[in-house]
Structure formats: structure tokens, C-alpha cells
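First the structure, in the form of C-alpha cells, and then the observations on it.
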Amino acid sequence: MAQLGTLEELPLDYRNDLTANNLVPLWPSLRAALPYDIPSRRTKPMVWRYADIRPRLLRAGELTPIEKAERRVLVLANPGLGLENMQATPSIYIGMQLILPRETAPNHWHTPSAIRFVVEGEGGFTVVEGEKLPMKRGDLILTPSGLWHEHGHEGSGPVVWLDALDLPVVYGLEASYCLEGEPQTVRNRPDASQNRYRRSGLIPYASLRAPRAAYPLRRFPWEDTRAALCDLATVTDGGEIVQLAYVNPETGAECLPILGFSAIMLRPGETIKPVRRSASAVLHVVEGEGEARIDNAELAWGGQDTMAIPTHARVAISNRSSSKPAFLFQVDDAPMQSKLGFYEELEA
Ligand code: GTQ
């Protein structure tokens with residue numbers, strides 16, 4: 001491999017002249033931009049403990065009224081990427097959002113796509129394009145790009161959910177913006193998408209030959225996901241991962257264009273070693289506790305904790321319990337990487 005020339009080898013007047021003309025020589029930076037064999041990664045493998053987040057989020061509830069926050073969120077920012085950039089991984093934004101009884105987070109839409117994954121509390125709801133969706137612990141709710149959404153809380157006690165957005169990608173493309181709207185008129189069809197797509201393998205007959213809605217199913221209840229994982233485990237050999245992808249029930253494709261969502265069950269005492277791949281990911285613990293090894297980091301995790309997995313990382317995740325299963329929710333950017341043609345599964 002040739003040794004590339006450095007910036008310092010160039011005459012100072014030539015370098016200054018390039019700068020003055022908004023020109024940059026590639027060769028001194030080529031290996032940084034295109035390293036051999038593996039990308040350079042600034043993303044730190046890490047865990048955010050819910051025990052650290054929760055009291056600080058509740059304090060935000062005391063300090064900042066919802067009217068002054070619009071969305072009351074603490075962002076899980078990866079220090080390797082610069083806290084101010086609000087990235088859990090290069091493509092994934094994760095926030096923990098708090099809403100208190102009778103508060104509303106006003107109606108808007110934005111170009112980034114979002115999902116909610118409910119972490120704590122009862123009585124929260126999101127209205128998506130006039131459809132009121134209840135939020136129960138572990139439910140996944142989609143608010144894709146361009147769809148109006150607002151949140152509310154009819155119960156008591158705090159409600160907290162995890163927001164995952166493709167914001168870093170859309171922002172990086174200088175394409176991120178939002179529109180503010182009047183409160184939506186709620187149609188008298190609560191949870192309509194869940195009632196239309198009640199069970200996988202069954203879709204409304206009329207939709208077979210009709211133009212397909214881009215986002216037919218908007219809420220995936222955790223009780224169904226958990227039961228489906230337990231059933232899948234009965235037909236999954238040891239050494240294979242018990243994992244379900246959340247998909248569009250009409251097409252079988254991933255729910256959103258950039259980020260993908262899946263749920264993993266770790267059987268009692270199980271250690272999984274997912275294939276090393278080019279996608280980055282975030283794991284959120286729904287239930288259980290254990291350890292994770294992500295590249296050289298050894299992390300302990302428990303209920304409602306959230307972990308960041310860099311691209312190309314070596315990963316092993318263990319369920320500490322020898323009697324109870326553990327459940328994880330995964331966000332990754334494999335859909336985007338696949339569409340762009342560079343998604344890879346790599347040798348260990
Ligand atoms: O609830 O619509 O964490 O617009 C960041 C931006 C949540 C939301 C976030 C948002 C939202």
C-alpha cells in the first residue's frame with residue numbers, strides 16, 4: 001500500500017492558495033474518508049440507565065411546563081458523536097419523552113419519521129391523522145414522515161416513552177423541518193388500524209386489489225409482540241435468535257424507510273451473538289437484565305435501559321436470569337443501508 005502524501009509536504013503558499021480558492025487536496029485525507037477494511041467509528045458502545053434518566057426527566061417536568069417545551073424530552077446523546085449533535089448512533093435519534101396528566105404535546109408534522117415505544121405509565125395517547133392510539137407499556141406506535149401527530153395523557157402519574165427518529169439523517173441532508181397545526185379532529189374510530197390489521201396473515205379483503213396505504217398499521221401492542229416471541233421460541237433451535245421484525249402487514253416490508261424495528265427474546269440463561277453487520281442499532285430493554293459485550297465494552301443492563309451499538313460492532317448479549325426470559329426492542333438503520341446498497345453481514 002502506497003504511503004500517501006501529507007498536507008505538510010505541500011508548500012505553504014500552495015496550501016494557502018488552495019484554501020483561498022475553496023479547494024482541498026484529497027490525498028492527505030483519503031485514508032480518513034476511506035479507511036481500509038472497516039469504517040472509522042466515533043460512536044461509543046454504551047448504556048443509558050433508566051435509573052439515571054427517570055429522576056432527571058421528572059425534574060424536567062417540574063422545571064419546564066409543556067407549553068415551554070412542546071415536547072419534553074431528554075435526548076440520549078452519544079458522547080463519541082458530540083452531545084450537541086443529539087445522535088445515539090450516526091443515524092438514530094433517541095429521546096425519552098415525559099408527559100404529565102392532562103398535558104398535551106401539540107399537533108405537528110415533520111419530515112423525519114418517528115416511532116414511540118412506551119416505557120412507563122398508563123393513560124397516554126397519540127393522535128395520528130385523526131386516529132387516537134392508546135399507549136400501553138411496550139407498545140410501538142408509528143408517526144411516519146409527514147403525518148400529523150399530537151400526544152396527550154388522560155391517566156394519572158407520569159407517562160414516559162422512547163422516541164426514535166431518523167432525524168440525524170434527515171437533518172444531515174438539510175431536509176428536516178416541521179409544520180405546526182391546529183389540534184386534530186379525532187375521528188370516532190380509536191385504534192382503527194389495529195382493528196383492521198388485528199392478526200398477521202389477515203388483511204381487509206378490499207385492500208388486496210386497491211392502492212395500498214403506505215402505513216396501514218400504526219400501533220403494535222406489546223402483549224401481541226411478547227406472545228408472538230414466546231410462540232416463536234418454541235420452534236426456534238438453541239443458537240438461533242428469537243427475533244421478530246415489525247413490518248407493514250400489507251407488503252411485509254419494513255414499516256419505515258430509514259429505520260427498522262424488531263423485538264428480541266432472550267431465553268433463560270441464553271447468550272446471543274447477532275451477526276456482525278454494517279448497520280448501527282439501539283437496544284431498549286423491555287424486561288429482564290443481563291450483560292452485553294459490544295466491541296470492547298462490557299455493559300450491564302436492566303429494565304428500561306437503552307444501549308447504542310456502532311456499525312460493524314461485535315456483539316454478544318446475555319440474559320442473566322436462568323429462569324426468566326428477557327425482552328429487547330431494537331432500532332436499526334438496516335432499511336436505509338439496504339436501500340442504498342451497502343448493507344452487509346460480515347465475518348465475526
Ligand atoms: O413527539 O413529535 O423526541 O417532534 C423529537 C421531536 C419527539 C414528537 C422527539 C419530535 C417528537
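The values are calculated or read from the model by the stated rules, or taken from the named source; none is laboratory data. A quick note: this is a predicted structure, and the numbers were derived from the prediction, not measured. FYI the Cβ positions are ideal-geometry reconstructions off the backbone, even for glycines, and counts take in every protein chain you see. Heavy atoms of the whole protein, side chains included, go into the accessibility calculation; ligands, DNA and RNA do not. Shrake-Rupley method; radii C 1.70, N 1.55, O 1.52, S 1.80 Å.
Here are a few things to note about the model shown:
- When SER207, SER176 are checked against the criterion of being more than 21 Å from HIS108 (Cα to Cα) and touching a residue at least 24 places away in the same chain (Cβ under 8 Å), a single residue qualifies: SER207.
- Hits in the stretch 86-95 - residues which are near the ligand (Cβ under 10 Å from one of its atoms) and open to solvent by 10 Å² or more (accessible area, probe 1.4 Å): MET86, TYR93
- Residues satisfying the stated conditions in the stretch 158-173, i.e. closer than 22 Å to GLY260 by Cα and away from the ligand (no atom under 13 Å from the Cβ): VAL169, GLY172, LEU173
- Those residues of the stretch 263-283 which are open to solvent by 10 Å² or more (accessible area, probe 1.4 Å), over 15 Å from THR236 (Cβ atoms) and among the β-branched types (Val, Ile, Thr), in sequence order: VAL275
- Those residues of the stretch 145-176 which are open to solvent by less than 10 Å² (accessible area, probe 1.4 Å) and touching a His at 6+ places or on another chain (Cβ under 9 Å), in sequence order: HIS149, VAL159, TRP161, LEU162, ALA164
- Restricting the first member to the stretch 154-166 and to residues that are within 25 Å of THR111 (Cα to Cα), and the second to residues that are away from the ligand (no atom under 12 Å from the Cβ) and among the hydrophobic types (A, V, I, L, M, F, W, C), the beta-carbon pairs closer than 6 Å and six or more apart or on different chains are VAL160/VAL119; TRP161/VAL118; TRP161/VAL119; LEU162/VAL119; ALA164/VAL331; ASP166/ILE258; ASP166/LEU259.
- Residue that is assigned to a strand (DSSP E or B) and either in contact (Cβ under 8 Å) with a residue 40 or more places away in the chain or more than 11 Å from the ligand (Cβ to nearest atom) (or both), where the choices are LEU98, LEU147: LEU98
- Criterion applied to LEU74, LEU57 was being within 16 Å of the ligand (Cβ to nearest atom), in contact with a strand residue (DSSP E or B) (Cβ under 9 Å, 6 or more places away or on another chain), outside any loop (DSSP other than H, G, I, E, B) and open to solvent by 50 Å² or more (accessible area, probe 1.4 Å), and the one residue passing it is LEU74.
- When the stretch 127-144 is filtered for residues that are more than 14 Å from GLN194 (Cα to Cα) and buried (at least 24 other Cβ atoms within 10 Å of the Cβ), only THR143 remains.
- Looking only at the stretch 289-319, residues that are open to solvent by 30 Å² or more (accessible area, probe 1.4 Å), part of a loop (DSSP other than H, G, I, E, B) and small (Gly, Ala, Ser) come to 1 in all.
- ASN107 meets all of the listed conditions (1) within 12 Å of the ligand (Cβ to nearest atom); (2) buried (at least 21 other Cβ atoms within 10 Å of the Cβ); (3) assigned to a strand (DSSP E or B) but one, namely (2).
- Taken over the stretch 18-58, the criterion of being under 30 Å from ALA69 (Cα atoms), basic (Lys, Arg) and out of contact with any helix residue (DSSP H, G or I) (no Cβ under 9 Å at 6 or more places or on another chain) is satisfied by ARG49, ARG54, ARG56.
- Any hit, the stretch 62-69, residues being more than 16 Å from the ligand (Cβ to nearest atom), farther than 30 Å from ALA2 by Cβ and not in a loop (DSSP other than H, G, I, E, B): yes
- Looking across the stretch 244-266, the residues that are assigned to a strand (DSSP E or B) and either within 30 Å of ALA210 (Cβ to Cβ) or without any contact (Cβ under 8 Å) to a residue 60 or more places away in the chain (or both) come down to LEU244, ALA245, VAL247, GLU254, GLY260, PHE261, SER262, ALA263.
- Remark: pairs (first residue in the stretch 21-47, open to solvent by less than 90 Å² (accessible area, probe 1.4 Å); second residue among the charged types (D, E, K, R); Cβ separation under 7 Å; 6+ apart in sequence or on different chains) = PRO45/ASP295; VAL47/ASP305.
- The residue of the stretch 110-126 that is nearest to the ligand (Cβ to nearest atom), among those that are buried (at least 20 other Cβ atoms within 10 Å of the Cβ) and in contact (Cβ under 8 Å) with a residue 40 or more places away in the chain, is ALA114.
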